[in-house]
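Student: One structure, as structure tokens, below. Some questions next.
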Amino acid sequence: SKSWESPFNYRDQALLYIPDGLPEPQTPNYLSAIVREAIPVINLSKGRTFFLFTSYRALNEAFEILKDEIDYPLLVQGEKPRDALITDFRRMGDAVLLGTYSFWEGIDVKGDALTTVIIDKLPFASPGDPILKARIDAMRDNGLNPFFDFQLPNAVITLKQGAGRLIRDYLDTGLLMLCDPRLRSKPYGKVFLKSLPTMPITKELTFVEIFFADKVNVEQATGS
């Protein structure tokens, strides 16, 4: 499959942050661990964040932690229709929106209202889904490899859509935070990373701090 380069200059406009030392996603403390890592990033970003989740359960668990930990307005999928939440997000200018798959695509927030996108884990479809299970069984029966021929390519497309929320015009800058350690620990992690637009990658919060400090300096210099 051909990888289309983004028309926007991610190399100069964006930073990819994959924090080090997080537990594997199947461990019970995974969600609380990633939210702890996300809090300083949300603060550096002054809100202005989409925090995207692969399940409602993860979203609700994250909300329970964040509501007592951050001072920015929290907008949560399900409180209002999607378009109303996006309108509120744009209007507030410093909000944190928690959403699941319906917020991963088809949403366009240009400018500084959205500066950071955080994704909880690689968006593999739930293996408990009966339709998916039937499809996997049929692929196996036909001698195909369901993971490499179906589950992985679909998850790659979904991740690209979620990441694509970040840079929506030529003046946007932003941080993409991918929490899932499998990006580094599993061979297929490289498939996900290759599918994303080329941009600098760091595992150090220090570089995130520098990125936001530079962003503030540029805004002050240009008066934006």
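The values are calculated or read from the model by the stated rules, or taken from the named source; none is laboratory data. In this text, all values refer to a predicted model and were calculated from it rather than measured experimentally. Don't worry about glycine lacking a Cβ; one is built from the backbone with ideal geometry, like all the others, and counts go over all protein chains shown. SASA here: full protein model, heavy atoms, side chains in, ligands and nucleic acids out. Shrake-Rupley method; radii C 1.70, N 1.55, O 1.52, S 1.80 Å.
Student: Cross-chain or 8 or more residues apart, Cα under 26 Å: how many lysine pairs in the stretch 21-143 fit that? Count them up, please.
Tutor: 11
Student: Which of the peptides 124-137, 142-155 is most tightly packed, and how do the rest follow, judged by the mean count of other Cβ atoms within 10 Å per residue?
Tutor: Listed from highest to lowest mean packing, they are 142-155, 124-137.
Student: Which residue, chosen from LEU52, ALA38, LEU16, occupies the Cα position most advanced towards the positive end of the dipole of the stretch 3-137, where the dipole is computed from +1 (Lys, Arg) and -1 (Asp, Glu) charges on Cβ about the Cα centre?
Tutor: LEU52
Student: Multiplying the sequence separation of GLU204 and SER55 by 0.36 nm and subtracting their Cα-Cα distance, what value in nm do you get?
Tutor: Values: separation 149, 0.36 × 149 = 53.64 nm, distance 2.69 nm.
Once the chain is fully extended between GLU204 and SER55, it gains 51.0 nm.
Student: Oh, and also: So what is the accessible area of the chain per residue, in Å², with the probe set to 1.4 Å? Present the calculation step by step, with values, prior to reporting the outcome.
Tutor: Values: 11350 Å² over 224 residues.
Heavy-atom accessible area per residue stands at 51 Å².
Student: Between THR198, THR115, THR206, which gets the highest mean-square fluctuation from a Gaussian network model of the chain, Cα cutoff 10 Å?
Tutor: THR206
Student: For a protection proxy built on the mean count of beta-carbon atoms within 10 angstrom, sort 24-35, 45-56, 183-194 highest first, please.
Tutor: Going by the mean number of other Cβ atoms within 10 Å, highest first, we get 45-56, 24-35, 183-194.
Student: Right, here's the next one. Quick one: what does P(r) look like for the chain with 5 Å bins over all Cα pairs, in whole %?
Tutor: It works out to 1, 6, 14, 19, 20, 17, 11, 6, 3, 1, 1, 0, 0, in whole percents.
Student: Once neighbouring chains are kept in place and the probe is 1.4 Å, which whole percent of the accessible area of the chain is contributed by carbon and sulfur?
Tutor: Roughly 55 percent, rounded to a whole number.
Student: Calculated from DSSP H runs of 4 or more alone, at -39500 (n - 2.57) each and per residue, what is the 222 nm mean residue ellipticity of the chain, nearest 500?
Tutor: So the helix-based figure for the chain works out to -12500 deg cm²/dmol.
Student: Ok, one more. Dipole of the chain, Cα-centred, from +1 at each Lys and Arg C-beta and -1 at each Asp and Glu C-beta, to the nearest 20 debye?
Tutor: Using only the charged Cβ atoms, the result is roughly 580 debye.
Student: Please report, in whole Å, how far the alpha carbons of the stretch 57-132 spread along each principal axis, starting with the longest.
Tutor: Sorted from largest, the Cα extents of the stretch 57-132 read 40, 29, 22 Å.
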